[in-house]
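Read the structure below first, then the notes.
Any read-out appearing in this document is the output of simple, stated calculations on the displayed coordinates, not a laboratory observation. Every value quoted in this text rests on a predicted model; they were computed, and no experiment measured them. Neighbour counts are summed over all protein chains in view; Cβ atoms, including those assigned to glycine, are modelled from backbone coordinates with ideal geometry.
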Amino acid sequence: MSETLQNESLATDPDTNRLERAPRRSTWSAYLHSPLGVAGGAVLVLVVLAALLAPVLAPQDPSTADLALAFHGPTTGHPLGLDSAGRDVLSRLLYGARTTLGGAGLAVAVALVLGVPTGLVAGYRGRRFDGVASWLVNLVMSLPAMIVLLASRAILGPTVWVLMLVMGVLVAPSFYRLTRGVVADVRGELYVDAARVSGLSDARIIGRHVLVVVRAPIIIQAALVGGIAIGLQAGLEFLGIGSGDTPTWGAMLNEAFQNIQRSPGLIVWPGLALGLTSASLVLVASALRDALEGAGGARRARRRPAPRTSTTPVPVPAPVPSSAGSDVPRGGLLSVRGLAVAYGTDDDAREVVHDVDLDVGPGEIVGLVGESGSGKSQTAFSVLGILPRGGHVVRGSVTVEGQEVLELDERARRTLRGRVVAYVPQEPMSNLDPTFTIGSQLAEPLRCTLGLSRRAAHARVVELLRQVEIKDPERVARLYPHEISGGMAQRVLIAGAMSGDPRLLVADEPTTALDVTVQAEVLALLRRLRDERGLGVLLVTHNLGVVADLCDRVAVMQDGRIVENGTTAQVLRRPEHPYTRRLVGAVLDDAPCREPWEPPSSAPDRTEATA
Amino acid sequence: MSTASNAPGTPLLEVHDLHVTFPGKGWRAAGREVLHGVDLDVRPGETLGLVGESGSGKTTIGRAVLGLAPIASGRVLLAGEDITDTGRRRRRALARDLQVVFQDPYTSLNPSLLVGDTLAEPLLGQGVTPRDARARVAGLLDRVGLPRDAATRLPREFSGGQRQRVAIARALAVGPRLVVCDEPVSALDLTTQETVLELLLEIQRDSGVSYLFISHDLAVVRYLSHRVAVIHDGRIVENGPTRDVVEHARDPYTRRLLLSAPVADPDEQRIRRERLAAVRGASGDVAA
Amino acid sequence: MTTFVLRRLAAGIFLLLVISFLTFALLSVPHTDVGRALLGQNASQAAVDARNASLGLDRPMLAQYADWLSHAVRGDLGRSWFTGEDVWSALATRLPVTLSIVVGVTLVTAVLSLLLGVWAAVRGGVVDRLVQVLSVIGYALPGFLVTLVLVLVFAVQLRWFPAIGYIPFTQSPSGWLSTVTLPIAALSVGAVAGVAQQVRGSVADVLERDFVRTLRARGLPPGRILFRHVVRNASAPALTVLGLQFVGLLGGAVLVEQIFGLPGIGSMTVQYTTRGDIPVIMGLVMVSVVGVVVVNLVVDVLVGVPNPKARVA
C-alpha cells in the first residue's frame, strides 16, 4: 500500500523526479537465505561429484566379489564393509549413483523435450493444436504407469535406460500441462497484447515475455520429477526388475533387505543415499519456489495489497483510550475518537490510520472520502471489527449506540455485527460465496444468529430481496451468484446487510464496481432505506459525485488522517484544507467540453514529436 | 507509412459496419456477436471519445482496430488502407502508426522486465538496433515526465500513475499516428487522473497524434474528446461533437447515461437526480 | 448431469478401445517365440509351431486383436499363456486385495490432509511450518523406502503386525485389518503429504477471498465460516489432487504388495508382465484404465457438487 501512498501529482510537485526505491531482492539471494535449500543443493552437488568421480574414488571395481569376505564389516580397504557376495559397498554405492542419476536425468530430459515445446505451442496458439495435444496427454495420463513400465521392460529389454526413457514419456504430460497453463495465463496478459501491438514477432514475444515466466516452474517441476524418477527406478530395481548386474541403489537395497536378519546394517547406506538425494531434490525445488514467490511476489499480489483476512481473531494489544478526543459531542449512533490502526507487531508496526474522529447519527449518511491508500477502508473495517489479519486498533475509542465496542470480546462483538452494524462491500461478485444459492447464503445468518426456522428464514429472504427492489425474488433466491448481474449482486449484498435489521450500515465503496446507470439505482436504494428506517450510513468512497448525491456530511482522509470534516455543501463548495481543494479541483464536472476538431493548419513533423 | 499523406479532414481511421464474434466455448458452441455493425472514424489530430458501460463492446472496438479481436465482417481502414485482415508481417509494420495504452497499468507492463526494456520493445519491433533503442529511451522518459533512471527499474517500483506514464511512453516510442487509449485513467486516483489527462492533451498538441479514447467516464471523455460516440449493446447509438452530445443528446440511453453520473455539487446533483427519475419513469424502466 | 456422465462414459469406452489397441500392438511387436518359451529348448520345431498356432500367434496382429476384442466385450479376457488360468477370474480374486488397500489409503489421506491442511492454513506460524516440513519429507522419501522402514520397525522389531501375508476380510476382519494396516500406512505417507499441501494452499487462498470478510461482517461464527464456506470452496483443487493420487496409488500398490506379499493386482503385474503374457497384461491394463476413468469421473462429479460453476449440464 505504501506504493500508492506516494505523491502522484508529478506535474505540480517539486519532488517529481523522486522515486521510492523498493528493496529489490534477487531470486538467487532469496534462495541462499533458505538453509534447507542450501543444504539440499550442497547434497546434490556432492552426489553428482561422487557419481562423476566414481572411478577415482571407488576402492575397487563394483562387481569384484570375494565370497570369503561376505558380510564382512568395515575395514581400511572397505570403509563401508562388504555385501552378501563380498563386494565393496562403497564402490557399489558410488557406481550406483551413476546409474541412478543418469537414469533420472534421462527421464527428465525426455519429459522436457516432449512436454515443454508442445505445451508452449498449445498455450500460446491454443485452438486445434491444443485440442489434439490435450487429448493425447489425457490418453497418456490414463495409462497405468507401472504396468506400462513393466510391460515395456518385457518388450524392450531389461535396462535402466529403457525404463527411464519410457518413464520420461509417461511424465511428459505433467510438463505439458504446466507449461501450457502458465503460457496460456501469460498469453492473456495485457503486456503481451502490448508487445503484439508493438510489432514483435511471436518468437520474440515468447523469448522476452513467455520463457521468463515459464522457466522457474519448469525447473521446480524438473527437480520434483527427478526425485520421483530416482524413487521409481530404485523401486523397480528393488523388485528385481532392473538391469541385472549393474550396481544400483535399488538393487543394493533389495539385496540388503533379503539379508536383513543376517546383516541389518547393509540397508543403511543405500537407503541413506536414496533418501538424501531425493529429499534434497524436493528441498531445492521448494526453496526455489519460496524464493520466487518472495522475490517476484509482486506478480501475484500486486492488485490487492490488503493483508489476508482471518476467521480467527489474532491476539492484539488492547487499545489505549485516547486522551486527545475532540471537543465535538459524540454522535448518537456511531462515534469514533482518536482511532489509530496499525499493521504488524510491536517493533515494525506500521500505523496506517492516525487519530481519526468520526460521528454518525441515526438517519444520517456520512461520507468518508479519500484516495487509495488513505486509510478509509481500514477505518471502516475497525468499526466493524473485521480488520485483515495483522491489523489491529492501537488507540482510540469506538462507540455504537453509546456502547464501547473495542472493549468487547470477539464473541460479544460478533453479536453486534449484522444486527447493529452491517457491512456492504465494494465488489459485488467476489463478496458472494459462489458455492451457495443466493437464498441459502442470505438465510444462513437468519437461521444461525437469529434462530429463525427454515421456512421463516426463506420467507424473510424473499421479503428482503423484494425490499431491495428485485423483481421475482423467489426465482432469484434459487440462483447462484454467477447467474446474476453485478448490479443485482450488489442489491443482494445490501439485502444481506439489512437482514439483521441493523441501525448502522458501513458501506465500503458500494457503487465503485458498478456502471453509472446501475450506480444511480443503488444510490437511490440506499437513500430510500435511510429514509424509511432511519438507518445511519458510513459511506466510504473516492467519488465526490456519490458524496454529493447521498451524504449529509463528509470527512476527507489523507495519509491516514482526517484533514477536513463538515457538511457536504460546505466541503465540496468551500474546501479549506489544501488537499481537499486539490481533490475538488481535480473533478472534471465543471471542466469545459473540448472544442470541436479543426483541421490542423500544417501537418506536424513526426520525427520531432518522438524526440 | 509511406502512402500519400491524406488531405486534412479526411479520416485517419475508418471503421465500417464492423461485426465481431467471439467463438463459443468448446467445439460446436455457437459464437457470440458482441459488435453488431459499428461505424466510426477518427481524423488526424482528433480525439474520438468512445463511451459505454461494461459489456457494451467499447473495448472490443479498440481491440479489433488493433488486430487483437476476431473481425467477423466489416472493414477497418487506416489512412485509406484496408487493415481488416492483414498478414502478420504487415500487422507488425502497422505498429509504427498504431499504438495502444491499456487500462490497467499493473498488468500492461511485464513485471519482470526493466522499464527501459519495455520502452525499447516497439523500437525493436521496427527493426531499430538495441543500442539505438536504448539511446532513445531517455528521451521518451523525459517526454512523459519520468526521471531518466527509471529505465533501470522494475515496474513494481512505480505507482499506478507513473506506470501509466511508462505505458504512454511505450505507445509514443515509434511516433504513431493513432493511439487507442482503453480506459487509461480509470484505475487511477482523481488527482493522478488529472495529471495523466494533461499529459495526453499536451502530447496531442505537440505531435498531432489521434486518439481513440475509450472510457466509461463521461466527464473524462468530455474533457478530452473533440467528438463523442456512445456505444450500447454493441451498437453506436449517438455520435457527434462533444458539446452537442452532452447538451442535446437525442438518444434516450445517452440521456440516461449523462444524468446517471453524479456531479460533485449537492444542489446540482439533486436537480439531476430528479431529472433522471423523470427520464426513467418516462421510459418505464425499473430495476432488473 | 446424466448426459454429462453418459458423455464421459462414452469417452471412457473410446479411450479403452484406443489404449487396448495400442497396448496390443506394442506387445505384439517383439514377437518373442512364445511357443518355444512355453515348451522349452528341447521341444521339436513342429510342436512349437503347433503351440503358436493354437494360441493364434501365426495370424496377423489385427486379426489377433479383433479376436481378443470380440471375446473381451463378452467378458472373456482369455487364459494366461503360461499358467492357463482364466484371466478374468484371476483378476477377480486379486482385485479386492488391491482395492481394500487403495480405498483405505484414499480415505486416510482425505481425512488426514483435510485436518492438517486446514489447521496449517488457519493457524499459520509454527503449525504451518511443521505441516510444510512434514509434507516435504513425506513427498521427498520414495514410497518404498518408507515401506521398508515401517516393515523394519513395526513388523521386524516390534512385531505388532505381520511382515507378510494377507487375510481376507470375510475370513477374519481383525486379521484383515492387521494385514492391511502397514501397507495402507506406507502408501498414505506420501499421499497425505501431497494432498495436505494442496488443502493448505487452497484454504489459505479462500480465506483471503472477499466473501469471507462479508460473512464475518454478518456475525457468523468463525468455525461455521471455515467449515461451511471456506472448506467447501477449497474442495475442488483438493479433490482433483486426491484423484491424481488415487491413480498414482495403482502404481504404488505394485511395490507395496510385492514387499508385503499381498496377492493383489500389483504383485500379479510383476509376475505376469515380465514374461510377456499378453492375455494377462491386456486384462491388467483394461482393469487399471477402467479404474482411472471411473476415478476421474467421480472426481469431476464430486467437484461439481459444491461448485455450481464447474457443474456441467
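Please list, in order, the residues from the range A:98-140 whose amide nitrogen is less than 18 Å from a point placed 7 Å along the Cα→Cβ vector of A:Ala203. Taking a point 7 Å out along Cα→Cβ of A:Ala203, the residues of the range A:98-140 whose backbone N falls under 18 Å are A:117-118, A:120-122, A:124-125.
Among C:Ile19, A:Ile230, C:Ile167, a tally of other beta-carbon atoms within 10 Å of each Cβ gives an order, fewest to most, of C:Ile167, C:Ile19, A:Ile230.
Note on the protein assembly as shown: antiparallel DSSP beta bridges, both residues inside, total approximately 55 percent of the bridges counted. Just check the range C:2-72 against the gyration tensor rule for me: Cα atoms, a ≥ b ≥ c as the square roots of the eigenvalues, rounded for a/c under 1.5, and otherwise prolate or oblate depending on whether a/b exceeds b/c. Prolate is the answer for the range C:2-72, as a/c is 1.5 or above and a/b outweighs b/c. Taking amide H atoms as placed 1.01 Å from N in the peptide plane, the amide H of A:Gly367 lies under 5 Å from those of A:Leu539, A:Asp552, A:Arg553, A:Val554, A:Ala555, each 5 or more residues away in sequence or on another chain.
Its residue count N sets the reference 2.2 N^0.38 Å, and the alpha-carbon radius of gyration of the range B:109-175 equals 0.97 times that reference. Beta bridges assigned by DSSP with both partners in chain A are antiparallel in approximately 55 percent of cases.
Helical runs (DSSP H, four residues minimum) scored at -39500 (n - 2.57) apiece and divided by the length of chain B put the mean residue ellipticity at 222 nm at -11500 deg cm²/dmol.
Angle between the Cα long axis of helix A:127-142 and the longest principal axis of chain A, 0 to 90 degrees, nearest 10? Relative to chain A, helix A:127-142 is tipped by roughly 50 degrees.
3J(HN,Hα) couplings calculated from phi for the range A:530-539 with the Karplus curve 6.51 cos²θ - 1.76 cosθ + 1.60 (θ = phi - 60°) are, in sequence order, 4, 5, 6, 10, x, 6, x, 10, 9, 10 Hz; Gly and Pro show x. Defining a contact as two alpha carbons under 8 Å apart and six or more residues distant in sequence, what relative contact order in percent does the range A:155-222 show? Reported relative contact order: 36 percent. How high is the relative contact order of the range C:251-313? Use alpha-carbon pairs under 8 Å, at least six apart in sequence, and give a whole percent. That works out to 16 percent. In units of the compact-protein estimate 2.2 N^0.38 Å, chain B shows a Cα radius of gyration of 1.06. How large is log10 of I(q)/I(0) for the protein assembly as shown at q = 0.05 Å⁻¹ when the intensity is taken from the Debye formula with one equal scatterer per alpha-carbon? Computed log10 I(q)/I(0) values: -0.44.
Each helix, a run of at least 4 DSSP H residues, gives -39500 (n - 2.57); summed and divided by the residues of chain A, these come to -16000 deg cm²/dmol at 222 nm. With a Förster radius of 41 Å applied to the beta-carbon distance between C:Ala25 and A:His33, the computed FRET efficiency rounds to 0.20.
A cut-off of 5 Å between modelled amide H atoms, ignoring neighbours fewer than 5 places along the same chain, links A:Arg561 with A:His354.
For A:Ala456 and A:Leu52, the difference between the fully extended length at 0.36 nm per residue and the C-alpha to C-alpha distance is 137.8 nm. Calculated on C-alpha atoms, the gyration radius of chain C divided by its Kirkwood radius gives an Rg/Rh of 1.07. Between B:Val100 and B:Val180, the built amide H atoms are under 5 Å apart, and every one of these is 5 or more places off in sequence or on another chain. How large is log10 I(q)/I(0) at q = 0.15 Å⁻¹ when the Debye formula is applied to the Cα atoms of the range A:483-544, each weighted equally and without solvent? One equal scatterer on each Cα of the range A:483-544 leads to -0.43.
May I ask you to derive the FRET efficiency for A:Gln60 and C:Asn42 from their Cβ-Cβ distance with R0 = 45 Å, giving the value to the nearest 0.05? My answer for the efficiency is 0.60. The share of C-alpha pairs in chain A whose separation exceeds 45 Å stands at 45 percent.
Extending 7 Å from Cα along the Cβ direction at A:Ala42 and again at B:Asp132 yields two label points whose distance is 5.3 nm. Spatial offset of the range C:76-141 relative to the range A:511-582 amounts to 58 Å, using the alpha carbon center of each.
With a simple spin-label model that places each label point 7 Å from the Cα along the Cα-to-Cβ direction, the separation between B:Ala277 and A:Leu136 comes to 6.7 nm. Using C-alpha pairs below 8 Å separated by at least 6 residues, the relative contact order for chain C is 25 percent. In plain terms, the C-alpha convex hull of the range A:505-586 casts an average shadow of 5.6 nm² when viewed from every direction.
Only DSSP H runs of four or more residues enter the estimate; each adds -39500 (n - 2.57), and after division by the residues of chain C the mean residue ellipticity at 222 nm equals -24500 deg cm²/dmol. Among B:Ala64, B:Gly127, B:His16, which residue has its Cα furthest toward the positive end of the charge dipole of chain B, with +1 on Lys/Arg Cβ and -1 on Asp/Glu Cβ? Looking along the dipole axis, the top candidate is B:Gly127. Each eigenvalue of the Cα gyration tensor of the range A:437-499, multiplied by 5 and square-rooted, gives one semi-axis; in descending order these are 18, 11, 11 Å. Label-to-label distance, A:Thr415 versus A:Thr159, with points set 7 angstrom from Cα along the beta-carbon direction: 7.8 nm. Scaled against the 2.2 N^0.38 Å expected of a compact globular protein of N residues, the Cα radius of gyration of the range B:41-88 reads 1.23.
Enter the angle in degrees (range 0 to 90, nearest 10) between the Cα long axis of helix A:486-498 and the first principal axis of the Cα atoms of chain A, meaning the one along which they spread out most. With both axes taken from Cα atoms, the answer is about 70 degrees. The string of couplings for the range C:208-219 from the Karplus curve (6.51, -1.76, 1.60, θ = phi - 60°) is 8, 6, 4, 5, 5, 5, 4, 5, 4, 5, 8, x Hz, one whole number per residue in order, with x for Gly and Pro. The C-alpha atoms of chain C define a longest principal axis, and helix C:278-304 lies at about 20 degrees to it. The range A:120-155 and the range A:29-76 have their alpha-carbon centroids 36 Å apart.
Taking the range C:286-304 and a reference point 7 angstrom along Cα→Cβ of C:Arg7, the backbone N atoms nearer than 20 Å belong to C:293-304. Taking every DSSP bridge with both residues inside chain B, close to 55 percent are antiparallel.
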